[in-house]
Amino acid sequence: MNKLQIFPVTIIVLQLISLGHLYYTYKYGSTQIPAAFIELNILAVLNIVVLILSYFFYFNTPEKQGLWWLPITISVLIIVFTLICYIIMGIDKYK
């Protein structure tokens, strides 16, 4: 495997592991503490870091690698899902 491909593959694996852990926490976690929501917020912040890294390692390089599209897509989806959760919570609070 090319050295340039190790970094996006590692990010993809870590994102999938964190999504699996988030699902497990949501499914079997305590209902007293919203641990899944806290983990979703942490995951969204870390995916903002992934988007910043992708800016430097994908968008600013002359040689584009198509492998970066998967972590970028996963990051955007997680951030959008977190924003949707906040919007739904805001609508329910002021309903």
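Observations on the structure shown:
- Residue check for ILE72: without any contact (Cβ under 8 Å) to a residue 60 or more places away in the chain and open to solvent by less than 40 Å² (accessible area, probe 1.4 Å): yes
- Among all residues of region 7-15, there is none that is hydroxyl-bearing (Ser, Thr, Tyr), surrounded by fewer than 17 Cβ atoms within 10 Å (Cβ to Cβ) and in contact with a helix residue (DSSP H, G or I) (Cβ under 7 Å, 6 or more places away or on another chain).
- The condition (being within 12 Å of the chain's Cα centre (by Cα) and touching a residue at least 12 places away in the same chain (Cβ under 8 Å)) is satisfied by just one residue among ILE17, ILE42, ILE48: ILE48.
- Odd one out for ILE91 among (1) over 19 Å from the mean Cα position of the chain (by Cα); (2) within 18 Å of GLN5 (Cα to Cα); (3) assigned to a helix (DSSP H, G or I): (2)
- Every residue from region 16-38 that is open to solvent by 50 Å² or more (accessible area, probe 1.4 Å) and in a helix (DSSP H, G or I): LEU16, ILE17, LEU19, HIS21, TYR23, TYR24, TYR26, LYS27, TYR28, PHE37, ILE38
- For first residues located in region 79-92 and without any contact (Cβ under 8 Å) to a residue 60 or more places away in the chain, partners that are open to solvent by less than 40 Å² (accessible area, probe 1.4 Å) and lie 6+ apart or on another chain with Cβ distances below 6 Å form the pairs ILE79/ALA44; ILE79/ASN47; THR82/LEU40; THR82/ALA44.
The values are calculated or read from the model by the stated rules, or taken from the named source; none is laboratory data. The structure displayed is predicted, hence computed values, not measured ones. We place every Cβ from the backbone using ideal geometry, glycine too, and count neighbours over all the protein chains shown. Areas reflect the complete protein model, heavy atoms only, side chains present, ligands, DNA and RNA absent. Shrake-Rupley method; radii C 1.70, N 1.55, O 1.52, S 1.80 Å.
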